[in-house]
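A short write-up of the structure that comes next.
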Amino acid sequence: MRTNLLRVRVIVILCFVIVLVALGRIQLLERSELARHPANRYTIAKENRVKRGEIFDRNKVPLAFWTDSGIRHYPLGYAGGHPIGYSSAKLGSSGAEGWYSSQLLGQDGALGIKNFWHRLAGVQETGYNIQLTIDANLQEYGYSLLGGNKGAIVALKPKTGEILALISSPGFDPNDLHLKWDDYVNNSDNPLFNRAISGTYPPGSTFKLVVGAAALEADPNLLDREFECPGYIQLEGRQLTCYTTHGRINFMEGVAYSCNVVFVQLGLEIGEQQLRKQAEAFGFEQDVLEGVPVKKSGLGDAPLTVNGLGESAIGQGKVMATPLQMAMVTAAIANGGLLAEPVLLLGRAVPGEDFPAGSLNLAQTRVMSRETAEILKEAMVGTVVYGTGQQAQVAGVEVGGKTGSAENPHGQAHAWFVGFAPADSPEIAIAVVVENAGSGGGLGGPVVRELINYYLSSLQ
Amino acid sequence: MGMDQSRKQEALLLLPAVALLLSGALLYYVLAPEPENRYLFIGAILLGCLYYVLHFLLGWQAKGADQLLLPITAMLTGLGLLLLYHLDPNLAIKQWFWTILGLGGMAGVILVVRDYHWLAEFKYTFMLLGLAFLVLTVIIGDETGGARSWLSLGQFRFQPAEVVKLLVIVFMAGYLSDHKESFAFRPELQSFGPLMVAGGLLMVLLVVQKDLGAALIFFALILAMLYVASGRAEIAIMGLVAFGLASTVAYYLFPHVQTRVAIWQNPWPLADGPGYQIVQSYFSLAQGGILGMGLGMSNPKFIPAAATDFIFSVAGGELGFLGASLILFLYGVVGWKGIKIAYSAPDDFGLLLAGGLTLLFSLQTLVIIGGIIKLLPLTGVTLPLMSYGGSSLVINYLMLGLLLRLSSLFALPEGTAVHEN
């Protein structure tokens with residue numbers, strides 16, 4: 001009888017262990033999934049308990065605010081849907097509303113302590129107001145320039161890394177979101193997808209800027225070299241072609257005319273390691289925006305074959321980059337080789353108080369020598385003056401640019417254009433991608449031109 | 001008698017339980033510092049003192065009794081009271097009175113039960129009394145929460161199934177210790193007969209009352225005790241087969257069983273209807289995470305029946321996985337120690353009695369927590385010591401008092417007179 005008793009004890013203890021494991025699964029593993037469940041009243045209650053802070057742009061233009069009737073209004077509508085986002089107990093959250101919810105719900109700092117007591121006392125809590133680096137006008141204008149095409153625009157301030165515009169098209173309207181939700185979800189153009197930070201595209205010829213930077217760093221006398229473009233270059237059993245026969249050509253012309261032969265040759269010469277190192281310095285394979293889930297740009301798994309390296313050198317093959325990443329490459333060149341870490345959140349303030357001025361934390365890293373950056377800048381200015389980027393010319397302003405067309409298995413090539421202006425002291429760096437729009441100069445160039453024109457005149 | 005009678009371990013382990021009560025009272029007073037809330041301290045201190053009175057009583061009257069059971073009882077009861085206070089202060093005050101009544105009952109059992117063998121003499125009386133209670137409930141009982149399981153005596157209402165648990169354990173222990181040989185070697189109808197009839201009647205009466213949780217617990221208890229007495233695994237297996245058949249029949253006979261099973265399989269499509277409770281319980285547990293929301297920080301309105309069936313979900317939400325694991329650990333220790341006590345019994349009846357009491361306590365814990373986390377279909381039973389409920393609390397105190405008394409009797413050297421008074 002005693003043996004039986006001990007056996008029963010083993011079973012009982014085993015049952016307790018099973019219960020413990022199952023409990024751990026709910027409380028530890030399934031926790032966040034359950035917290036996001038639309039029927040979870042704790043999440044809804046938390047939202048209702050706090051009056052979310054409001055969101056403003058860099059010029060204190062409201063981007064999300066409470067109306068007198070207690071409705072959260074988003075004045076930019078579709079144009080601002082992606083960076084500003086939404087927060088809904090039923091639908092979850094996205095954009096700044098989600099990324100900065102701990103600020104908007106006042107969970108840390110001075111308000112965090114105050115809110116703790118308010119929570120105990122049952123008084124409504126308040127969150128911080130936040131200020132984004134976005135320029136509401138530029139955001140709206142840029143969105144209209146895309147005209148409903150699938151694509152994205154990212155505009156940065158090269159000196160500080162501030163994100164002036166983060167545009168993804170088609171967008172969505174955070175106002176009355178629950179009414180339109182099903183349409184968005186069922187739309188094959190995927191308007192809820194933030195192409196600017198989550199979409200990765202082959203960067204095409206815009207990636208030549210990364211290859212060029214690596215090549216210039218490796219060979220200071222590169223400008224004296226002469227290349228010969230017979231219209232194609234032979235790799236291992238594979239030919240990569242140029243769209244024309246460039247003949248004798250130097251580096252500067254190679255950039256301006258986007259000669260594939262020059263850059264495949266340079267890519268093979270510097271090798272995979274140097275290329276990766278340069279790309280990673282620009283932000284490839286890195287988390288680039290604090291607190292925001294930006295998809296990592298990358299060069300694919302190492303090691304690359306010779307063909308793979310050749311394709312990578314012209315931004316094809318396994319190279320994938322987000323529009324934000326290509327804007328960062330452009331901004332670093334424009335800023336004399338210093339990459340300013342991108343910033344979206346400018347500051348926060350207790351409701352009723354003003355945002356503190358000059359709270360921006362500058363984090364700059366040198367990703368290439370000043371000389372390399374100056375050469376690339378000059379080459380990009382040449383591209384707009386006499387090369388493939390002439391459509392980005394702005395009267396009275398020196399613009400630098402680079403076109404790209406990314407071949408992809410989903411139809412026509414994606415058109416890229418990256419650019420900055422004014423060349424002597426850049427105020428803005430832009431990356432534009434338009435899906436399946438063919439070559440880069442055609443659609444991206446005018447968008448960059450209009451945005452530069454608009455932004456620079458707004459500064460005066 | 002040469003035994004350590006200082007019971008230092010028990011005295012020391014009671015401290016955290018009393019500290020918990022006091023700090024909980026302090027917390028609630030800080031949250032709502034009204035003068036009349038000072039009664040919280042009086043309540044906590046008085047209860048703490050009573051646990052120490054029990055401690056001294058055990059040292060005086062029950063030498064050698066187990067030293068872990070009382071502190072764990074105090075800890076779990078205190079935790080239950082604190083959780084209940086946040087859910088509904090009135091329930092906590094009632095539960096406080098029930099606790100004092102339970103402690104009185106516990107002291108009574110320790111003082112009165114000087115020998116346990118006489119219990120075996122009355123096994124049939126107990127069983128008949130138990131069945132009579134249940135029959136009475138079926139005939140004149142009140143229906144609450146879908147189950148007809150309450151008896152009213154004027155103002156006084158109680159759940160007979162709780163009392164029946166104690167009666168059934170005594171019957172089983174007595175019956176099985178008398179018939180163990182016939183079970184072990186050649187099972188005959190005449191040795192099985194009374195057991196089958198009693199067990200069958202018990203099941204039928206509980207199912208008719210729609211008290212499925214109690215039916216499940218009794219069934220598992222009878223099987224486990226049969227196995228301990230006979231050592232025959234086939235009895236347990238036959239029992240499981242019978243249980244499977246009976247469950248299938250019940251599934252097709254009773255719509256509410258079908259609903260329970262559907263919720264068990266997937267509560268999400270029923271989240272707005274019958275699955276509401278379990279889904280909200282899930283949310284509460286998930287909200288707790290590792291460290292919990294903090295005592296008194298959950299929303300008492302979110303989970304229906306939070307004070308009774310779902311008290312563990314509230315605990316998991318407010319105290320997190322760490323707190324919930326600690327609670328599980330304490331229940332596990334009761335199971336472990338209780339079986340150890342049973343193991344030290346000098347005779348079969350004592351072994352089966354102590355084993356039965358422990359198994360019932362553990363089974364009830366596992367059935368309700370297992371139901372909350374969807375390991376088992378959810379059946380409404382109380383979590384021993386923590387759930388709100390007078391009948392359940394008092395009976396649990398009586399059973400733990402009996403277990404304490406048995407541990408003291410078993411610890412006496414062989415042959416020592418138990419009738420010394």
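What follows draws every value from the coordinates through simple rules; no lab data is involved. Every value quoted in this text rests on a predicted model; they were computed, and no experiment measured them. Note that we place each Cβ from the backbone using ideal geometry, even for glycine, and neighbour counts take in every protein chain shown.
Structure notes:
- Centre-to-centre separation between the Cα atoms of the range B:109-138 and those of the range B:58-91: 25 Å.
- Helix axis angle, A:2-24 relative to chain A longest principal axis, alpha carbon, degrees: 50 degrees
- With R₀ set to 60 Å, the beta-carbon distance separating A:E398 from B:L26 gives a calculated FRET efficiency near 0.25.
- Helix A:177-186 vs. chain A, principal-axis angle (Cα, 0 to 90°, nearest 10): 50 degrees
- Taking the DSSP bridge list for chain A and keeping only pairs wholly inside it, about 90 percent are antiparallel.
- Sum of -39500 (n - 2.57) over DSSP H runs of 4+, divided by residues of chain A (222 nm, nearest 500): -12000 deg cm²/dmol
- Listed residue pairs exceeding 22 Å between alpha carbons, taken from B:K94/B:K374; A:K180/A:K295; A:K377/A:K402; A:K159/A:K402; A:K46/A:K180; B:K94/B:K301: B:K94/B:K374; A:K180/A:K295; A:K46/A:K180
- Long-range amide H partners of A:L235 with built H, under 5 Å: A:L240
- Counting 0.36 nm for each residue step from A:T67 to A:E374 and taking away their Cα separation leaves a gain of 105.6 nm.
- Percent of C-alpha pairs per 10 Å bin, chain A, short to long: 4, 19, 27, 21, 14, 8, 4, 2, 1, 0, 0
- Of the DSSP H helices in chain B, those that are both long (alpha-carbon extent of 24 Å or more along the helix axis) and hydrophobic (Kyte-Doolittle mean at least 1.0) are B:8-31, B:39-61, B:69-87, B:89-112, B:123-140, B:189-208, B:212-230, B:233-253, B:311-343, B:348-372, B:390-411.
- Residues in the range B:278-318 that a label on B:D88 would reach, taking backbone N under 13 Å of a point 7 Å out along Cα→Cβ: B:300-311
- Exposed loop sites here mean chymotrypsin sites (Phe, Trp or Tyr not before Pro) with a DSSP loop assignment and at most 16 other beta-carbon atoms within 10 Å; chain B contains its longest site-free run at B:186-421.
- Of interest is the spacing of the C-alpha centroids, which for the range A:98-116 and the range A:336-406 amounts to 32 Å.
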